[in-house]
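For reference, the structure discussed in these notes is given below.
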Amino acid sequence: VAIGGYDPVAYFNASGPLRGTEAHSVEWKDGTFLFASSENKKAFEADPEKFAPQYGGYCSYAAALNYVAPTSANAWSIFEDRLYLNFNLHVRSVWDQNKAGYVEMANKNWPGPLQS
């Protein structure tokens with residue numbers, strides 16, 4: 001289940017993480033995304049690229065450093081209308097200091113030969 005079963009659309013319209021349910025699920029890019037409501041599911045189906053987390057749901061800061069790392073549902077940000085997840089709240093605070101620069105770095109690395 002993608003991003004730990006959290007609803008990616010909820011980060012945009014509920015201002016934070018909400019657990020999705022099996023009743024509202026979508027298969028997309030080799031992952032199963034769960035949604036808290038049928039409305040969120042429909043929004044995702046209409047534009048998955050808008051709502052899906054960047055870098056495959058891995059930590060955005062780690063991707064900027066050419067690594068992959070898991071994420072915490074509470075360590076997130078919306079930047080330039082995209083969802084970015086981070087390893088924890090401390091890493092997110094580092095990420096917040098230079099989002100544009102880290103996005104540029106991560107975009108160059110992803111989906112390259114990242115290290116775990």
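The values are calculated or read from the model by the stated rules, or taken from the named source; none is laboratory data. Keep in mind it's a predicted model, so treat the numbers as computed, not measured. Positions of Cβ are generated from backbone atoms using ideal geometry, with glycine treated the same way; all protein chains shown enter the neighbour counts. For the accessible areas, the whole protein counts, side chains as well, though only heavy atoms, and no ligand, DNA or RNA atoms are used. Shrake-Rupley method; radii C 1.70, N 1.55, O 1.52, S 1.80 Å.
With a 1.4 Å probe and all protein chains left in place, how much accessible area per residue does the chain have, in Å²?
Counting only protein heavy atoms, the per-residue value for the chain is 53 Å².
Go ahead and set up a Gaussian network model of the chain, Cα springs under 10 Å, then flag whichever of Gly16, Gly57, Gly31 fluctuates most.
Answer for the Gaussian network model of the chain: Gly31.
In vacuum, with every alpha carbon of region 19-75 counted as one equal point scatterer, what does the Debye formula give for log10 I(q)/I(0) at q = 0.20 Å⁻¹? Two decimals, please.
These q points yield log10 I(q)/I(0) values of -0.80.
What is the sum of charges, Lys and Arg at +1 and Asp and Glu at -1, for the other residues whose Cβ falls under 13 Å from the Cβ of Ser25?
-1
With θ set to phi - 60°, apply the Karplus curve 6.51 cos²θ - 1.76 cosθ + 1.60 along region 7-18 and write out the HN-Hα couplings as whole Hz, x wherever there is a Gly or Pro.
7, x, 5, 4, 4, 8, 9, 10, 6, x, x, 10
Excluding residues fewer than 8 places away in the same chain, name every one of the lysines whose C-alpha is closer than 20 Å to that of Lys42.
Once the sequence-local lysines are set aside, what remains near Lys42 is Lys29, Lys50.
For the chain, set up a Gaussian network in which alpha carbons nearer than 10 Å are linked by springs, and say which option among Ala106, Ala46, Ala36 fluctuates the most.
Comparing Ala106, Ala46, Ala36 in a Gaussian network model of the chain, the most mobile one is Ala46.
Roughly what % of DSSP beta bridges within the chain run antiparallel, to the nearest 5?
Antiparallel bridges: around 90 percent, rounded to the nearest 5.
Charges only on Cβ, +1 for Lys and Arg, -1 for Asp and Glu: so what's the dipole of the chain about the Cα centre, in debye to the nearest 20?
Magnitude of the dipole: close to 240 debye.
Given springs between every Cα pair under 10 Å in a Gaussian network model of the chain, which of Lys42, Lys29, Lys99 has the largest fluctuation?
Judging by the Gaussian network model, the answer is Lys29.
Do you know the relative contact order of region 21-74, to the nearest whole percent, from alpha carbon pairs under 8 angstrom that are 6+ apart?
Worked out over region 21-74, it gives 19 percent.
Once the convex hull of the C-alpha atoms of the chain is built, how many Å³ does it hold per residue, rounded to a whole number?
Output value, Cα hull per residue: 92 Å³.
Helix 99-109 against the longest principal axis of the chain: what's the angle in degrees, Cα atoms only, rounded to the nearest 10?
The answer is roughly 90 degrees.
Could you tell me how far the Cα centroid of region 84-115 sits from the Cα centroid of region 1-52, in Å?
Using only Cα atoms, the two centres lie 22 Å from each other.
Please state the relative contact order of the chain as a whole percent: Cα pairs under 8 Å, 6+ residues apart?
That works out to 22 percent.
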